[in-house]
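Before any comments, here is the structure.
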Amino acid sequence: MSEASLAAAEGRRSGTETRLGLLCLAVLVVLLFLAPGLVNPGILFVIGMTLIQAVFALSWNLLFGFTGLASFGHAGFFAIGAYFTGAALRYDFHLPFLAVLAVAGLLGALVALAIGVVALKRLTGIFLAVLTVALTEAMAKIIGFSPALGEQDGLGNIPRPVIDLGLFRIDLTHGDDYYRFLVVATVLIVAALWWVVHSRLGRTFRAIREDADRARFVGIDVARYRVISFMISGGTAALAGALSAPLTRIVTLDQVNWLASTQPILNSLLGGFTSFWGPIVGSAAFSTINYFTRGFPGLSEIMVGGILVVVILVAPTGILGLLGKLRRRALGKGGRK
Amino acid sequence: MKRRTVLKSFAGAAALLGMNATYLRAQSGPIRVGAAFALSGVGAPVGKQMLAGTEVAAMQINKAGGLLGREVELVIRDDKYNSSESVAVARELAGDGINLLLGGSQTVTALGLAPLAPELNMAVIIVAAAGMPVTHELFNPNIFRATANNYTQYSSLGRVLIEQNPDVRTWVSLAPDGDFGRDSALFFGKAVEKYAPGEKPTVLDTIYTQATATDFRTQINQLMSSDAEGLYIGIAASAQISFFQQARSVGLYDKFKAIGEVGNGDITGKAMGRNTHPNLWSVCHWIHNAEPFASNPVSKQLFEDYVTLKGDEMPSAQVAAGHRAAMAIFEGIRAAGSTETEAVLAAIEDVEFETVGGPVSFRKEDHQLVNTNYYSQMGPSREDPFFAFNKVVSIDAAEMIEPATPGKPFDISELPQ
């Protein structure tokens with residue numbers, strides 16, 4: 001067979017795989033939307049939290065996987081969104097819920113911008129890690145001393161919102177309705193991030209990740225694009241936090257500590273940080289392990305820790321990387337290059 | 001008949017049978033009660049002891065023939081000392097048909113559970129969360145708090161300390177820098193001023209530290225240079241032990257004639273042994289071999305059954321908290337003659353039941369436990385384990401409880417000082 005026909009066959013296979021992938025995604029979204037009628041409220045809540053964790057992990061991986069920056073205090077951005085939305089609903093800021101979400105995302109992006117401007121030249125490596133950890137610690141202190149934000153007890157009794165669109169109202173006060181809204185919001189955020197990653201902007205981020213000096217040499221303003229990536233990441237993390245507040249109906253300092261910051265890192269590593277979908281797969285895997293070990297206190301942590309060790313040693317590119325490797329081997333394209 | 005009609009009929013019949021199966025299982029199988037405690041993470045040492053008390057209570061009920069002719073089955077879950085996890089657990093249990101729940105072993109998890117109970121149509125017994133919002137701004141008819149709240153607990157401790165040590169005229173608090181620390185120090189200090197015989201004593205400004213601190217040199221220096229002779233310590237667990245070890249070596253024991261502590265009790269005693277402060281007062285939940293607990297039949301039985309179940313002859317005081325909360329829900333079911341949420345909630349409002357510390361009931365307006373609170377005095381001993389409880393003093397919560405204001409935040413400045 002000639003090289004041209006091989007390439008054509010490869011192209012056809014790739015097209016079929018893309019169509020199959022899209023079909024699987026569509027089925028998954030439909031199943032997620034129909035989940036309230038299929039599973040009990042406990043599992044539904046776990047699925048809702050998984051969606052939020054998936055968005056949170058995607059926001060972290062935009063920095064790490066696609067721009068080559070590591071944030072170890074990403075929970076600070078999540079908390080900005082969660083506490084702002086919690087306060088806006090609890091104290092009735094007279095803002096439409098969609099505006100509350102937009103402001104929450106904007107706040108996260110602005111804080112990221114502030115950090116980025118402070119450390120414009122050094123928005124990389126240990127400097128960024130230290131700054132983001134400092135942000136989280138500072139936020140925890142501020143919240144801990146704010147009676148309006150519930151201090152150490154957390155901000156509880158957060159009401160679920162009603163979206164008033166003028167012509168009609170969407171009442172999200174019932175658990176299942178808010179869950180459906182969450183599914184729609186997650187799909188939109190994931191689609192937006194997918195577009196970012198696969199756009200010219202995303203290619204610029206990847207160029208910086210691969211070699212910042214070379215990117216600078218070809219005319220890319222590395223510092224500016226790093227700040228843009230950081231802003232999108234911070235804004236998305238804040239949006240994830242904003243979506244979580246009406247679901248859990250309480251926001252606490254548990255969401256503003258280093259342990260919470262490790263969650264998107266674990267999810268991304270588990271699922272595979274080299275793939276766009278890796279953080280989503282990691283979040284789903286993490287939640288599944290947690291759910292099926294719920295009757296055995298401490299076991300889920302041991303299992304997740306053990307799996308992570310295995311993933312790092314055997315498949316550093318995570319579950320998706322491992323599956324890809326197995327698939328290539330099955331198709332006869334295995335072997336190291 | 002059309003094929004679609006036949007399929008619809010089959011689907012309808014299947015749904016009906018499924019519903020009946022669930023209903024029958026709920027009515028004839030064991031009574032399933034959810035038990036969500038902190039079983040991993042930093043809250044685990046306390047949560048596991050509370051769960052042990054709850055397990056003993058279920059064992060006692062089942063040994064006596066169960067409730068309503070049915071066995072009691074605990075469905076145990078780990079809330080990981082995390083509010084989100086406590087919400088997830090409650091939703092999962094509700095989805096599994098469980099409508100009776102013991103949870104909230106700490107305030108942070110109770111605050112997640114409380115607003116959820118009406119939505120899930122659950123009757124929730126808050127086991128040990130003492131934060132004020134539970135029976136104030138977060139109150140709803142589906143929750144009962146089976147422990148004294150912070151105001152009752154720490155104002156009672158302040159009253160005991162000043163009544164037992166009237167010669168100590170200047171007091172100071174060392175508390176963790178957070179709302180619990182600030183509140184408990186405030187309640188303690190106000191009570192010292194209010195219940196002091198004769199002239200009003202001086203209560204100095206609270207000295208703050210971190211709840212998990214390990215180095216107290218700065219705070220000890222502040223305490224040593226103050227005029228105070230009486231001290232309240234709001235830090236708990238291993239941090240409190242570190243404080244005593246560091247404080248003793250610089251002569252703090254000689255300076256302070258009386259010390260009240262947050263509730264470590266025998267944990268501090270076992271750690272300090274012969275080096276226990278000679279006049280150390282603790283919030284006391286249960287000491288199985290000290291009066292008035294030693295002669296209380298519920299206490300005796302709890303100790304025996306705990307030893308049988310766990311093989312440990314030194315139960316923690318927290319075991320009694322888990323036992324008390326479980327008995328509240330079991331007595332509610334017994335009195336209601338039903339496991340339906342509404343019936344159990346109504347019955348718990350009226351029940352009075354025996355605990356290791358005597359009879360208890362719930363205040364109807366805000367579902368706050370009304371009980372007798374105990375405070376123990378300990379010091380060093382020559383015999384193993386080299387510390388001893390010398391005295392236990394009780395205060396009826398009815399004397400120290402704040403007025404019920406369900407739905408409104410608690411404000412100490414509104415109380416008569």
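The values are calculated or read from the model by the stated rules, or taken from the named source; none is laboratory data. It should be emphasised that the depicted structure is a prediction, and the values quoted were computed from it without experimental measurement. Backbone-built Cβ (ideal geometry, glycine too); neighbour counts: all protein chains shown.
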When (1) surrounded by fewer than 20 Cβ atoms within 10 Å (Cβ to Cβ); (2) within 20 Å of the chain's Cα centre (by Cα) are applied to residue A:323, the one that fails is (2)
Which condition number does residue B:303 fail, the rest of (1) in contact (Cβ under 8 Å) with a residue 24 or more places away in the chain; (2) in a helix (DSSP H, G or I) being met?
-> (1)
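Per-residue answers, yes or no, for (1) over 20 Å from residue B:265 (Cα atoms); (2) at pLDDT below 95:
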| position | (1), (2) |
| --- | --- |
| B:351 | yes, no |
| B:365 | yes, no |
| B:385 | no, yes |
| B:388 | no, yes |
| B:399 | yes, yes |
| B:405 | yes, yes |
| B:410 | yes, yes |
| B:413 | yes, yes |
Could you check how many residues of region B:192-231 are part of a helix (DSSP H, G or I) and either touching a residue at least 60 places away in the same chain (Cβ under 8 Å) or not assigned by TED's automatic domain parsing to the domain that holds residue B:261 (or both)?
-> 2
So, in region A:240-285, of the ones that are crowded, with 24+ Cβ neighbours inside 10 Å and β-branched (Val, Ile, Thr), which residue ends up nearest to residue A:75 (Cα to Cα)?
-> A:256
Just one of (1) more than 14 Å from every other protein chain (Cβ to nearest Cβ); (2) under 19 Å from residue A:243 (Cβ atoms) trips up residue A:86, so point out which.
-> (1)
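Considering region A:164-184 alone, what residues qualify as being surrounded by fewer than 17 Cβ atoms within 10 Å (Cβ to Cβ) and away from chain B (no Cβ under 13 Å)? Steps first, answer last, please.
Here is the first cut: in region A:164-184, the ones surrounded by fewer than 17 Cβ atoms within 10 Å (Cβ to Cβ) are A:164-171, A:173-174, A:176-177, A:184.
Passing the criteria: A:164, A:165, A:166, A:167, A:168, A:169, A:170, A:171, A:184.
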Scan (1) assigned to a helix (DSSP H, G or I); (2) over 17 Å from residue B:58 (Cα atoms); (3) touching a residue at least 60 places away in the same chain (Cβ under 8 Å) for the single condition residue B:253 breaks and write down its number.
-> (3)
Is there a residue in region B:232-241 that is surrounded by 21 or more Cβ atoms within 10 Å (Cβ to Cβ), in a helix (DSSP H, G or I), of a type outside the set (Lys, Arg) and away from every other protein chain (no Cβ under 14 Å)?
-> yes
Out of (1) more than 10 Å from every other protein chain (Cβ to nearest Cβ); (2) over 17 Å from residue B:47 (Cβ atoms); (3) in contact with a strand residue (DSSP E or B) (Cβ under 8 Å, 6 or more places away or on another chain); (4) modelled with pLDDT under 95, the odd one out for residue B:181 is which?
-> (1)
Being outside the structural domain of residue B:401 (by TED's automatic domain parsing) and either more than 18 Å from residue A:147 (Cβ to Cβ) or not in a helix (DSSP H, G or I) (or both) narrows it down to one of B:175, B:128, so name that one.
-> B:128
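Considering only region A:70-90, I want to know if a residue exists there that is among the polar types (S, T, N, Q), in a helix (DSSP H, G or I) and within 30 Å of residue A:222 (Cα to Cα).
No, there is no match, as no residue in region A:70-90 is among the polar types (S, T, N, Q), in a helix (DSSP H, G or I) and within 30 Å of residue A:222 (Cα to Cα).
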Considering only region A:268-312, state which residues are over 22 Å from residue B:36 (Cα atoms), among the β-branched types (Val, Ile, Thr) and in a loop (DSSP other than H, G, I, E, B).
-> A:274
From the list B:114, B:123, pick out the single residue that is over 15 Å from the mean Cα position of the chain (by Cα) and farther than 22 Å from residue B:72 by Cα.
-> B:114
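Return the only residue of A:132, A:136 being surrounded by 13 or more Cβ atoms within 10 Å (Cβ to Cβ), of a type in the set (S, T, N, Q) and touching a His at 6+ places or on another chain (Cβ under 7 Å).
Going through A:132, A:136 in turn, just one is surrounded by 13 or more Cβ atoms within 10 Å (Cβ to Cβ), of a type in the set (S, T, N, Q) and touching a His at 6+ places or on another chain (Cβ under 7 Å): A:132.
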For region A:289-301, what are the residues that are of a type outside the set (Gly, Ala, Ser) and surrounded by 13 or more Cβ atoms within 10 Å (Cβ to Cβ)?
-> A:289, A:290, A:291, A:293, A:294, A:296, A:297, A:299, A:301
If we ask which residues in region B:45-81 are without any contact (Cβ under 8 Å) to a residue 60 or more places away in the chain and either in contact with a Lys or Arg (Cβ under 9 Å, 6 or more places away or on another chain) or not assigned by TED's automatic domain parsing to the domain that holds residue B:319 (or both), their number turns out to be 5
